[in-house]
Structure formats: C-alpha cells, structure tokens
1. How about region 1-29: which of its residues are surrounded by fewer than 13 Cβ atoms within 10 Å (Cβ to Cβ) and of a type in the set (D, E, K, R)?
2. Kindly indicate the residue of region 71-88 that is at pLDDT 95 or above and hydrophobic (A, V, I, L, M, F, W, C) and also surrounded by the most Cβ atoms within 10 Å (Cβ to Cβ) among those meeting that condition.
3. Taking into account only those residues within region 49-62 that are more than 16 Å from residue 13 (Cβ to Cβ) and modelled with pLDDT under 95, which is surrounded by the fewest Cβ atoms within 10 Å (Cβ to Cβ)?
4. Please work out which residue is nearest to residue 14 (Cα to Cα), limiting yourself to region 30-48 and to residues that are surrounded by 15 or more Cβ atoms within 10 Å (Cβ to Cβ) and more than 8 Å from the chain's Cα centre (by Cα).
Amino acid sequence: MILKKGDLFITIEESDLVSLVKQVRENEYKLGSDIGIISYNDTPLKELLGITVISTDFKIMGETATNMILNKKKGKIKVPFNFINRESL
C-alpha cells in the first residue's frame, strides 16, 4: 500500500495495525500529524504506542452477560463503546 501524507486508516485486526505502523516508520512519516490511525479495542500496547481507539466497554459487557445468565434472560443488548483519542490522530 502506498501511504500519502494526510491519510487516515481504521484497523480492526492487530496484524493490520502492526503492518501499518511499520510502513509509517519506514516512510519516515510522523504518526498523528502525517498519517492518522484509529484501531478497534484498547490494549496496553495501543496505549503505549499512542494509538487512538474505539473500544467496547468490556466491564459493562461482562456485567450484562452475567446478569442475563443468572436471570436466565435471552435477548439483544447494546453495549456502549468508548472513543479514546491519543497521539495517532
């Protein structure tokens, strides 16, 4: 893939994120000011690298699943997500 200054990428897979960050570095672009990245679901590594994320609220997801199991309820739920803006934008 050819990167251009001003590009913004959204990555779902961790392997795609790693590949993209490598390309940014190889092309001597600056993450956040030259190339933007948003990834899905927060991890300690993404926090360390300063990657902006859209992340599922796993605490609420777990609590809701537990309540549904204990109360023998079935159904669809909407789990909120968090946007964590870091240096990659």
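The values are calculated or read from the model by the stated rules, or taken from the named source; none is laboratory data. Quantities reported herein were computed from a predicted structural model and do not represent experimental measurements. With ideal geometry, Cβ positions are generated from the backbone for all residues, glycine too; neighbour counts draw on all protein chains shown.
1. 4, 5, 13, 22, 25, 26, 28
2. Filtering region 71-88 for residues that are at pLDDT 95 or above and hydrophobic (A, V, I, L, M, F, W, C), the one surrounded by the most Cβ atoms within 10 Å (Cβ to Cβ) comes out as 84.
3. Filtering first and then ranking leaves 59.
4. Here the residue is 37.
For every residue, the table says whether it meets (1) closer than 22 Å to residue 82 by Cβ; (2) assigned to a helix (DSSP H, G or I).
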{"position": "4", "(1), (2)": "no, no"}
{"position": "10", "(1), (2)": "yes, no"}
{"position": "29", "(1), (2)": "no, no"}
{"position": "46", "(1), (2)": "yes, yes"}
{"position": "63", "(1), (2)": "yes, yes"}
